1. With respect to ARG79, determine if the residue is in a helix (DSSP H, G or I) and surrounded by 10 or more Cβ atoms within 10 Å (Cβ to Cβ).
2. Out of all the residues in segment 36-58, is one or more surrounded by fewer than 10 Cβ atoms within 10 Å (Cβ to Cβ), under 10 Å from the mean Cα position of the chain (by Cα), at pLDDT 85 or above and not acidic (Asp, Glu)?
3. When the residues of segment 13-35 are filtered to those that are among the basic types (Lys, Arg), outside any strand (DSSP E or B) and under 19 Å from the mean Cα position of the chain (by Cα), which remaining residue is farthest from GLY46 (Cα to Cα)?
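The values are calculated or read from the model by the stated rules, or taken from the named source; none is laboratory data. Computed from a predicted structure; not experimentally measured. Cβ: placed from backbone, ideal geometry, glycine included. Neighbour counts: every protein chain shown.
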Amino acid sequence: MSVVVRVDSKGRIVIPKNIREALGIREKQLLMLRIVDGKIVLEPIGDVADKYYGVVRVEKWPSDLDEFLAGAVREWWRRST
């Protein structure tokens, strides 16, 4: 599937709806932009929740998830240094 798009004065392009739908790209989703052999390649990045699902395993979720995650990061940092 190919389509011609125009770059606006701020360097933006619009990805046509049919292409977004074909790739499952949603509003505010992150895309990886790379230059490969002189061409721009855009790839959808999965949701962070999907990407890291199952990384943290706990018996019971804490009442303060922010503090729990901060503690997990501190523990990871302590172990990695």
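1. no
2. Among the residues of segment 36-58, not one is surrounded by fewer than 10 Cβ atoms within 10 Å (Cβ to Cβ), under 10 Å from the mean Cα position of the chain (by Cα), at pLDDT 85 or above and not acidic (Asp, Glu), which makes the answer no.
3. ARG20
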